[in-house]
Amino acid sequence: MVKDKQKTKISLKKDELFNCSRCGNCLAVCPIYKQELDESVTPRGKLSLLEAVDKGVMDFTNRLSDKIYTCTMCNSCTVECPSGVALKEIFEAARLDLVDSHRYPEILDMLKKRIAEGHNVTFDTNEGRADWVKQIPGAKLEDMIKDSAEVVYFAGCVSSFSPRTFSIPRSIVQLLDQADIDFTLLGDQEWCCGFPLLSSGMEEEAKKLADYNVAKIKEKKAKMLITSCPSCYHTWKHTYARLSTEAVDFEILHISQYLLKILKEGKLSLNPLHMTVTYHDPCDLGRNSDVYEEPREVIQSVPGIQYVELEKNRAQANCCGGGGNLESLDADLAASIALAKAAEIADANVDAVISACQQCERTIGTALKKKKKELKKKIKVWDISELVLKSVQGK
Amino acid sequence: MKEKHIEKLKEIVGQKAVTTEVEDRITYSFDSTRLEYLPDAVVQAKNTQQISEILTFANEENIPVTPRGAATGLSGGCLAVKGGILLNTVHMNKILDINPIDLLIDVEAGVITEEVDKSVSSYGLFYPPDPGSLKSSTIGGNIAENAGGLRGLKYGVTEDYVNGMEVVLPTGEIIELGTRTVKGVTGYNLNSLMVGSEGTLGIVTKATLSLLPKPAARASLLALFDQLTHAAQTVADIVSEGVITSTLEIVDNVTINAIEDYLKIGLDRNIGAMLLIEVDGHQGAVDVEAEIVKKVAAKNKAISCKMATSAKERDALWAARRAALSSLARVKPSTILEDATVPRSKIVQLVEAVNDIAQKYDMPIGTFGHAGDGNLHPTLLTDLRIPEEEEKVEKVIQEIFEVTVKLGGTLSGEHGIGISKAKYLSLEISPEVFDLMKKVKRTFDPNNILNPGKMYFDD
Ligand SMILES: Cc1cc2nc3c(=O)[nH]c(=O)nc-3n(C[C@H](O)[C@H](O)[C@H](O)COP(=O)(O)OP(=O)(O)OC[C@H]3O[C@@H](n4cnc5c(N)ncnc54)[C@H](O)[C@@H]3O)c2cc1C
Ligand code: SF4
Ligand code: SF4
C-alpha cells in the first residue's frame, strides 16, 4: 500500500501526466508495443495507469508494476511525444514509488543483494573484476593499476565479467597504451556505478555507490574518467552530480568521445579498412545522453570505410531491447526486440554494425546469429573501440 | 458480464487473449479524445473466424462489442460506452497480397496505415490517404472513420481507395463487399456504406485497397500573408485557376506563434497566415502549376511565396506543418481539436467566425488544416482541470458548429461523430434522415450489440 498518495514521486508529475493527450504517436516508436501490440504496456497506456493511481482510482498493484517495468527505458517515446511529456522521467519516478510500496519484480531484490555484497551485477565476487586483462598479450594487471593517473578507465560490470564482451575493455587498454596515455584501472576497487539500481527505482542504494566511486577517482587524482558503457557514462555524467555527496570535479567522457579527442590530437594512426559499416546508437548514449556525432566521426575517420546510416538513426534509432532490465524480467520479449533490430541492420546491407555499448553488442550479436540463415552475408558486430583497434593494428 | 461469458471468450480466442483485470481495462478505456469508458473485458482477436464466433455469441447473449484499432480516434469511436467486450484488432496485421498490375493491395484490418504505403513503395506505387496519425492508426480504423489526410484535395479520402472488404456482421456472418475491379454496380453499394460507419455496422477484417503510381515530380511552396483573408482567397483562386494541388494547407497566426515557440525556426510572428502548397505530377506540369500558384499568391498580396529548392528545405516546410498540432498541444494542458468543414469558398467566413468566438469566450483557438478541402481544425487551447472550462468549451464548440452548418458545411470532415459530436447531429441531419440511419443500423444489428451508444442511435 502507498502510505500517503500525496507523497508519491508521481504525484509531483501530475501536470505532466495530464499533458498526455493520448494521441498515440508514441505507439509507433515503442519497441515494446511493436512486439506486443498491447495497449497495457504502451507509453500512453503506462501513463494512464499512473494517472489512475494518482487520481486514487486504483492503487499500485503487482500487475501494474509488471506493466511499468515492461519497458527498456529507451526513451523513444519522449522524443516522439508532441506534447513534450518527459515519459522516461515519469517512469523513473514510478519505479521509485513501486519500490517504496514494495511492488517490484522479485528479481530486483537479487540484483540489489548482489550489488550490495559483491559490488557488481553478477554472481561473482569483485576480485576477478579485471581478469579480462590476463588474455592481452604482454599485459600485466599490476602495470595497469597505478596509484595516480591522468585518466581512469571505468570498465563497468558487464564488460568486466561477461567474457563475450571482454574484447571491448581489452581493445581499449591496448589503444590507450598505443597512444601513450597515462591511465589506470580501478581493478577490484571499481564498484558498480549504480545504474541498474537507479533504473529499477532503488536510488538510496545507488547513492552509496556514487559516493564510493567518486572517492576512488579522487584518490587517483585523475583529471578524467572514461568509460565504454553508455549506462555508466549516463550515470556518471548525468546523475552523480545529484547522487554524490562529494563534488564531481573531473571530466567524464564516453570512449567514443575520448577516441575522437586522441585521434584529433594525432595520438593514434589509422590504417585503411575496406568495408561498409553502419552505426547503432545505444539508447543511453544517444537519446539519453545526447552523444550522436562523436561515434560517427570516429568511424568515418577510418580510411577506406564506407559509412551508411540505418533507416532509423540518432534520436529516432531503434532500441536493441537490452535496456531497462527488461532482459532479466522478460527475456523472450527482449529477444524479439533484438530480432527486429537485427532485421533493420540486415536491410542496410553492411559488412559490420558498429556500436558503442557492450550490451547492444551482445543483444545484436545474438539476434544476428539467430537470423544467420536469412542473411545474405555475415554481419560483424563490433564495438567502436574494436573497430579503431583493428584499424590501428592494420587488420 | 458473467463468469461464463468470459469462459466462452477464452474458449474462442484462448486464455491469454482475454483479460478482465482492471489494469488492462484502464489502458483500453481511452482514445485520443481522452474520454474514458471502462470495458468489462478486453479481447485480442487473431482472425476473422474468432471475430465471427465472438459476435455470434455476443449477439445471442446481448453483450456490447466495441471494435478498436490503434485508438487514435478523435470522436470516441472505439470507447466501450456501454461496457462489454473491447475487441482489439491490431494483431490482424498481415499484408496478404500486392498486385502491381491491378494496382491493388490486400491487407488485414489491423495493418498500420503507413505500412501499406511503405510496402508498395518499391513497386513505384503509393497509397494516397495519409492521416496525420498514419504511423499508428490502422486501416480498419481509417475505413471506419473514412479518414482523410493532407493530400485530400487531389487524391480524395480513404473511401476513394477501398475497393472491397471482408466484414463480420454483428450477427456473426462473414461477408464480402465490393469488387476487385475498377468499376462495379452490382446491387447497392454496401461497400461504401461500410466506409465511415464508425464500427457500428460490422467489423472489417480484411480490405482490398487501390493504389496509384507515384508522381514523377513534386514541388513544395510556402506562401506568407499579412492577412488571413488573403491566404484564404489564394486557396479559392488557385483552384479556380484550374490547379488541383495535392496539398493546400493553411496555418493561422496563433498556430504560427505556437510553432515558433516550439521549433524556433525563425517564422515571423506577425504574419497573419501561411499556406503550404504542394503540386505533383510530371515535371512539366509541376513547373507550370508552381508558376500559377506563385502568380495567384502574388496577386493576393502574399508577402512572399517561395519554392523549396532541396529535399532538405521541403522537409523543413513539412516539419513546420506537421508540428502544428504538436506545437498547439504544448501551449496548454488540454487541446480540443475540431474538424469543421465548409465549402472552399466559405473558409474566410469560417475562420473569422472562429476568431470572433475565441474572443467572445476568451479562449485561445489555433486554426490550421486542409484549406483546399475546406476542412479546418480549430483547436481549443484550455485546461480541462479548471471546472468552468468544460462548460465554456461546450459553448464554443456549439457556436462553431452552428456557423459551420449555416455556411453550408458539415460537423466533421474526417474525424467522425462517435460520442463527442453525437449531440450536435441534429444541427445538420434532419429527423427523417436520422431515422433512416437508425433503421439501417437495426437492419445490420437487430440487437444493437455492435458499438452501441455511438451517434445516439440507441437513446
Ligand atoms: C495526432 C492525430 C492526427 C490525426 N490526423 C488525422 C487526419 O489527418 N485525418 C483523419 O481523418 N483523422 C486523423 N486523426 C484521427 C484518427 O487517427 C483517425 O480517425 C483514424 O482513422 C483512427 O484509426 P484507429 O486505428 O486509431 O481507430 P480507432 O480510434 O481505434 O477506432 C476508430 C473507429 O473505428 C472503429 N474500428 C476500428 N477498427 C475497426 C474494424 N476493424 N472494423 C470496424 N470498425 C473498426 C472503432 O470502433 C471506432 O469507431 C488523427 C488523430 C490523431 C491523434
Ligand atoms: S505521444 Fe505523448 S501525448 Fe501522445 S499519447 Fe504518447 S505520451 Fe501521450
Ligand atoms: S521508454 Fe521505450 S520501451 Fe519504455 S515505454 Fe518509452 S518507448 Fe516504450
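The values are calculated or read from the model by the stated rules, or taken from the named source; none is laboratory data. Keep in mind it's a predicted model, so treat the numbers as computed, not measured. Every residue, glycine among them, receives a Cβ derived from its backbone with ideal geometry; neighbour counts consider all protein chains shown. Please note that ligands, DNA and RNA were not included when accessible areas were found on the heavy atoms of the full protein model with its side chains. Shrake-Rupley method; radii C 1.70, N 1.55, O 1.52, S 1.80 Å.
Among residues of the range B:65-87 being farther than 19 Å from B:SER412 by Cβ and more than 9 Å from ligand 1 (Cβ to nearest atom), the one that is farthest from the other protein chains (Cβ to nearest Cβ) is B:LYS82. Go over the candidates A:GLN189, A:GLN135, A:GLN178 one by one and state the one that is under 18 Å from A:TRP236 (Cβ atoms), surrounded by fewer than 19 Cβ atoms within 10 Å (Cβ to Cβ) and not aromatic (Phe, Trp, Tyr). Checking each option against the conditions leaves just A:GLN189. A Cβ distance below 6 Å, combined with a sequence gap of six or more or placement on separate chains, defines the contacts here; from the range B:162-191, residues that are closer than 15 Å to B:ILE139 by Cβ reach residues that are basic (Lys, Arg) in the pairs B:GLU166/B:LYS206.
When the range B:35-70 is limited to residues that are within 16 Å of ligand 2 (Cβ to nearest atom) and surrounded by fewer than 20 Cβ atoms within 10 Å (Cβ to Cβ), the one that is nearest to the chain's Cα centre (by Cα) turns out to be B:LEU35. Can you find a residue in the range B:98-107 that is within 15 Å of ligand 1 (Cβ to nearest atom), of a type in the set (Asp, Glu) and either outside any strand (DSSP E or B) or surrounded by 21 or more Cβ atoms within 10 Å (Cβ to Cβ) (or both)? Checked the range B:98-107: no residue is within 15 Å of ligand 1 (Cβ to nearest atom), of a type in the set (Asp, Glu) and either outside any strand (DSSP E or B) or surrounded by 21 or more Cβ atoms within 10 Å (Cβ to Cβ) (or both).
In the range A:65-85, the count of residues that are within 8 Å of another protein chain (Cβ to nearest Cβ), open to solvent by less than 40 Å² (accessible area, probe 1.4 Å) and within 22 Å of the chain's Cα centre (by Cα) is one or more.
Taking the range B:133-235 as the region of interest, the strands (runs of 3 or more DSSP E) fully inside it that hold 3 or more residues being of a type outside the set (A, V, I, L, M) are B:162-168, B:203-210, B:217-225. Residues being surrounded by 21 or more Cβ atoms within 10 Å (Cβ to Cβ), of a type in the set (S, T, N, Q) and either outside the structural domain of B:THR247 (by TED's automatic domain parsing) or under 19 Å from the mean Cα position of the chain (by Cα) (or both) are represented in the range B:336-354 by at least one member. Does the range B:113-135 contain any residue that is within 10 Å of chain A (Cβ to nearest Cβ), closer than 10 Å to B:GLY69 by Cβ and open to solvent by less than 10 Å² (accessible area, probe 1.4 Å)? Checked the range B:113-135: no residue is within 10 Å of chain A (Cβ to nearest Cβ), closer than 10 Å to B:GLY69 by Cβ and open to solvent by less than 10 Å² (accessible area, probe 1.4 Å).
Considering the range A:263-291, and only residues there that are of a type in the set (Val, Ile, Thr) and open to solvent by less than 30 Å² (accessible area, probe 1.4 Å), the residue that is farthest from A:ILE364 (Cα to Cα) turns out to be A:VAL291.
Within the bounds of the range A:41-53, is there any residue that is more than 14 Å from chain B (Cβ to nearest Cβ) and within 30 Å of B:ILE112 (Cβ to Cβ)? No: zero hits. So, B:ASP362, is that one farther than 18 Å from B:ALA231 by Cβ and of a type in the set (D, E, K, R) or not? Yes: the conditions hold for B:ASP362. Within the range A:89-125, the set of residues being open to solvent by less than 30 Å² (accessible area, probe 1.4 Å), within 16 Å of ligand 3 (Cβ to nearest atom) and not small (Gly, Ala, Ser) comprises A:ILE90, A:PHE91, A:ARG95, A:LEU98, A:PRO105.
Counting only strands (runs of 3 or more DSSP E) that sit completely within the range A:303-395, those holding 3 or more residues that are under 22 Å from A:ALA155 (Cα atoms) correspond to A:352-355, A:380-383. For first residues located in the range B:19-34 and more than 22 Å from B:THR138 (Cα to Cα) and within 7 Å of chain A (Cβ to nearest Cβ), partners that are open to solvent by less than 40 Å² (accessible area, probe 1.4 Å) and in a loop (DSSP other than H, G, I, E, B) and lie 6+ apart or on another chain with Cβ distances below 7 Å form the pairs B:VAL22/A:MET58; B:GLU23/A:THR61.
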